[in-house]
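Participant: Please find one structure pasted underneath; my questions will follow.
The values are calculated or read from the model by the stated rules, or taken from the named source; none is laboratory data. In this text the structure is predicted, and so the values were computed from the model without any measurement. Neighbour counts are summed over all protein chains in view; Cβ atoms, including those assigned to glycine, are modelled from backbone coordinates with ideal geometry.
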Amino acid sequence: MASDSKSYWLWVACSLSCACAHRSASESSAANAENPALGSSHGTPLRGPQAPAPFSGEIVYQQTSIPKNAPWAATDVGDVHFFISGAHWKEVNSDGITTSLYDPDANVVHYFKPKRKTLDASRADGTVHFEPLQETKTVLGHECKALRQSWANISVVVYYDLGIFVDPKPYAHTMLAHMGEGLAVRNGALKLASTLELANETIYAEATSLSQRSFEPSFWSLANNEPIAEADAGPATSAPE
């Protein structure tokens, strides 16, 4: 992993520690609810302060990027659909394209954007530090606690409600971007909002919906989530308008 660029590691950090990926503004169009990567239904919205059981479903995050040298120039970088159930998770962008997929059997993460990679999730990038904060934030009716996670040159404040959680045990060996450690410290609580500080920008993410869902095994298969390469898409059937 030493050959990975710093910019790629920052993207990985945002993806795993925050459970959302930083995407370009060009990927901000509305998601297709019937897309295979998204599934055929968005499930039942969750409301109120408590989820009754470990969360299985979809969280949609809206993201905003603010340049540090131009704080007035906020950019909406679109939604990320985060799906998690048991030991499985994946992220889908607003165009219905899977951007990352975790394989718990091999303990690897398949990344399809911003470039294709498969990374060993058992390898950590340095030592992570956790700092509970006094501030709180209300997200979708959930009163969230705040925890700062810092490693390398990355700092992210995660806002979470202990009522929206997964079992952290399946992620005990998921060390990439310290996802497993973060879940263990938060007793399995998932992120509902975050503030990610990068060198040149700050990325804010906040959940806009929570939907409880169950999934068929095929929902997590690599074959059903791997985007079709442009070169394999075949010739155009008509001239562009």
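Participant: Going through segment 133-163 one residue at a time, which ones are in contact with a strand residue (DSSP E or B) (Cβ under 8 Å, 6 or more places away or on another chain) and more than 21 Å from MET179 (Cα to Cα)?
Facilitator: The initial filter retains those residues of segment 133-163 that are in contact with a strand residue (DSSP E or B) (Cβ under 8 Å, 6 or more places away or on another chain), namely 133-140, 142-151, 154-163.
Of everything in segment 133-163, those that are in contact with a strand residue (DSSP E or B) (Cβ under 8 Å, 6 or more places away or on another chain) and more than 21 Å from MET179 (Cα to Cα) turn out to be GLN134, GLU135, THR136, LYS137, THR138, VAL139, LEU140, HIS142, GLU143.
Participant: Check LYS145, LYS113 and return the single one that is at negative phi and part of a loop (DSSP other than H, G, I, E, B). Can you show your working first?
Facilitator: Numbers: LYS145 fails: part of a loop (DSSP other than H, G, I, E, B).
Answer to the selection: LYS113.
Participant: Filter segment 177-224 down to the residues that are among the aliphatic types (A, V, I, L, M) and in a helix (DSSP H, G or I), then identify the one that is modelled with the lowest pLDDT.
Facilitator: At the first step, the residues of segment 177-224 found to be among the aliphatic types (A, V, I, L, M) are 177, 179, 183-185, 189-190, 192-193, 196, 198-199, 203, 205, 207, 210, 222-223.
Restricting the remaining residues to those that are in a helix (DSSP H, G or I) gives 177, 179, 183-185, 222-223.
Details: ALA177: 83, MET179: 89, LEU183: 94, ALA184: 95, VAL185: 96, LEU222: 93, ALA223: 90.
Ranking the qualifying residues of segment 177-224, first place goes to ALA177.
Participant: Scan segment 116-125 for residues that are touching a helix residue (DSSP H, G or I) at 6+ places or on another chain (Cβ under 9 Å) and either small (Gly, Ala, Ser) or in a strand (DSSP E or B) (or both) and report the count.
Facilitator: Start the filter on segment 116-125 by keeping residues that are touching a helix residue (DSSP H, G or I) at 6+ places or on another chain (Cβ under 9 Å), which leaves 117, 119-125.
This time we only want the ones that are either small (Gly, Ala, Ser) or in a strand (DSSP E or B) (or both), so: 117, 119-122, 124.
Final tally of qualifying residues: 6.
Participant: Residue by residue through segment 109-136, note down the ones that are crowded, with 18+ Cβ neighbours inside 10 Å and either touching a Gly at 6+ places or on another chain (Cβ under 7 Å) or free of Cβ contacts under 8 Å to residues at least 60 places away in the same chain (or both).
Facilitator: Result: ALA121, VAL128.
Participant: Out of curiosity, is SER94 farther than 19 Å from GLU181 by Cα and either in contact with a strand residue (DSSP E or B) (Cβ under 6 Å, 6 or more places away or on another chain) or at pLDDT 95 or above (or both)? Before the answer, list the steps.
Facilitator: Values: farther than 19 Å from GLU181 by Cα: yes; either in contact with a strand residue (DSSP E or B) (Cβ under 6 Å, 6 or more places away or on another chain) or at pLDDT 95 or above (or both): yes.
Considered against the rule, which asks whether it is farther than 19 Å from GLU181 by Cα and either in contact with a strand residue (DSSP E or B) (Cβ under 6 Å, 6 or more places away or on another chain) or at pLDDT 95 or above (or both), SER94 comes out as yes.
Participant: Let me ask you something else. Filtering segment 137-157 down to residues that are farther than 15 Å from GLU206 by Cβ and of a type in the set (A, V, I, L, M), which residue is surrounded by the most Cβ atoms within 10 Å (Cβ to Cβ)?
Facilitator: For segment 137-157, the residue satisfying everything is ILE154.
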